[in-house]
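Asker: Dumping the structure here so I can ask a few things about it.
The values are calculated or read from the model by the stated rules, or taken from the named source; none is laboratory data. Just so it is clear, the model here is predicted, and its values are computed rather than measured. Every residue, glycine as well, gets a Cβ built from its backbone with ideal geometry; the counts of neighbours run over all protein chains shown. To get the accessible areas, we keep the full protein, side chains included, count just its heavy atoms, and leave off ligands, DNA and RNA. Shrake-Rupley method; radii C 1.70, N 1.55, O 1.52, S 1.80 Å.
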Amino acid sequence: MKAAIYFGAGDIRCTDIADARMQADHEILVQVTGTSICGSDLHLYRGALDAIMEKGKSQTGHELIGEVVAVGKAVTRFKRKDRISMGYSVSCGHCFMCEAGQTAHCETTHSAVYGFGVPFGNINGTHAEALVIPYAEGHAMRIPDGISDEAAVTLSCNLPSAIIANRLANIGIGETVALIGCGPTGLMTLDIALQRGPGRLVVLDKLAYRLDIARRKGAIGINTGDEDWKERALAETSGRGFDKVIEVVGLQESLQMSLDLVRAGGTVAAIGVFCDSTFNLDLANVFLRNISLHMNGFASVQPFMAEALGLIESGAIQPESYFSHSFPLTRIDEAFRTFYEKQDSAMKMLIRP
């Protein structure tokens with residue numbers, strides 16, 4: 001079968017590999033009908049995780065809409081031809097951490113993640129014609145026919161993460177909010193945040209076309225490429241800083257921005273995926289300003305998939321609007337390059353096998 005394989009930084013391409021096959025009773029075999037590229041996949045593409053990827057063998061991709069082809073003997077919730085998606089991390093659903101809602105830290109699977117290399121379980125990826133979903137009953141979900149493929153794909157990671165970001169920030173009516181990063185997950189986070197009644201919501205990004213989308217939704221857009229971006233942002237709060245800051249980028253620079261913008265006693269909810277092992281955190285500053293800092297990039301999305309599906313079904317969130325390009329799997333290299341380089345006003349890519 002065809003699948004996307006990591007060959008090195010800037011080199012993820014489609015090639016032929018052995019067909020996906022079930023090996024355990026708790027597994028299901030799924031034919032992929034649609035997948036996408038998550039912002040976290042760009043860390044792979046730029047080589048930030050090169051050391052953990054087995055070049056020429058490691059598969060990529062963790063967002064899915066597909067159809068069940070076969071089910072293991074222990075699987076009762078799913079049957080052939082079911083339309084299905086799953087959480088990006090593999091969780092059993094019954095260990096201590098799963099029952100505590102921390103499915104990304106499943107004790108059975110040891111925090112396995114689809115398409116993220118050997119240290120994350122060496123699990124197959126969704127950038128393929130088919131894949132095996134282990135412990136399917138623990139983290140997979142049947143998808144109604146009325147949900148578009150594009151919207152369904154976001155249930156694996158983006159939309160539940162946006163829900164988590166808003167829960168962590170706990171925006172109150174009338175509060176000032178800064179959102180750093182308005183890629184697809186950032187914009188879904190914005191959609192939810194705007195429904196919480198903030199007094200003023202400022203979005204920061206360096207891409208003008210993404211800021212334009214945020215402005216059309218009612219946010220104040222500030223380009224971080226401008227020299228006076230920080231002064232302009234803080235001016236929206238009379239200089240005291242924002243009540244809540246949500247970070248959806250995953251870089252040291254964006255985390256520092258968050259700490260620079262939050263007011264004393266405020267909250268930072270950082271859901272970006274950070275690959276750096278160290279950060280020069282001024283502990284005294286955070287301590288003396290009573291900052292609440294939540295780091296949640298390795299998000300436990302499975303407990304929020306049902307809520308995310310409900311938002312789509314009700315029309316409250318329309319994630320399909322953020323898909324700008326569609327590529328066949330055979331052109332996955334072009335899809336990655338387009339998304340990474342932000343060519344042609346790139347937002348979210350739909351990949352079809």
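Asker: Given N residues in the stretch 280-353, what is Rg(Cα) / (2.2 N^0.38 Å)?
Answerer: Against the compact-globule rule of thumb, the ratio is 1.66.
Asker: From zero up to wherever the largest Cα-Cα distance of the stretch 76-161 sits, split into 5 Å bins and tell me the percent of pairs in each.
Answerer: 3, 15, 23, 26, 21, 10, 3, 0
Asker: Okay, moving on. Take the Cβ-Cβ distance between K79 and L283 as r, set R0 to 41 Å, and report the resulting FRET efficiency rounded to the nearest 0.05.
Answerer: With R0 = 41 Å, the Cβ-Cβ based efficiency is 0.15.
Asker: Kindly rank 263-269, 44-50 from highest to lowest mean number of other beta carbons found within 10 Å of each residue.
Answerer: 263-269, 44-50
Asker: Would you please put 237-244, 181-188 in order of how densely packed they are, using the mean number of other Cβ atoms within 10 angstrom per residue and starting with the highest?
Answerer: So the order, starting with the most tightly packed, is 181-188, 237-244.
Asker: Hey, with R₀ at 41 Å, roughly what FRET efficiency would D226 and E313 work out to, going by the Cβ-Cβ distance, to 0.05?
Answerer: 0.55
Asker: Could you give each residue of the stretch 56-68 its phi-based ³J(HN,Hα) in whole Hz, using Karplus coefficients 6.51, -1.76, 1.60 with θ = phi - 60°, and x for Gly or Pro?
Answerer: x, 9, 5, 7, 10, x, 9, 10, 9, 9, x, 10, 5
Asker: Hey, another quick one. Can you give the accessible area per residue of the stretch 139-257, in Å², using a 1.4 Å probe?
Answerer: 37
Asker: Here's another thing I want to ask about it. Alpha carbons only, please: Rg and Dmax for the stretch 1-144, in angstrom.
Answerer: Reported Rg and Dmax, both Å: 14.5, 41.
Asker: Further question on the same structure: Ignoring ligands, DNA and RNA, what percent of the accessible area of the chain is carbon or sulfur (1.4 Å)?
Answerer: With neighbouring chains kept in place, the figure for the chain is 48 percent.
Asker: Find how much the distance from T15 to E107 grows on full extension, using 0.36 nm per residue of separation minus their present alpha carbon separation; answer in nm with one decimal.
Answerer: Length gained, T15 through E107: 29.8 nm.
Asker: Give the dimensionless ratio obtained when the Cα radius of gyration of the chain is divided by 2.2 N^0.38 Å.
Answerer: The reported ratio for this selection is 0.97.
Asker: Let me ask something else. Provide Rg and Dmax in Å for the stretch 187-313, with only Cα atoms included in the calculation.
Answerer: Rg then Dmax for the stretch 187-313, in Å: 15.1, 46.
Asker: Run the count for the chain, please: Lys pairs, Cα-Cα under 20 angstrom, 8 or more apart or on different chains.
Answerer: Close lysine pairs found across the chain: 10.
Asker: Also, I was wondering about something else. Taking the chain as a Gaussian network, Cα atoms linked when under 10 Å apart, which of V69, V90, V301 shows the biggest mean-square fluctuation?
Answerer: Answer for the Gaussian network model of the chain: V69.
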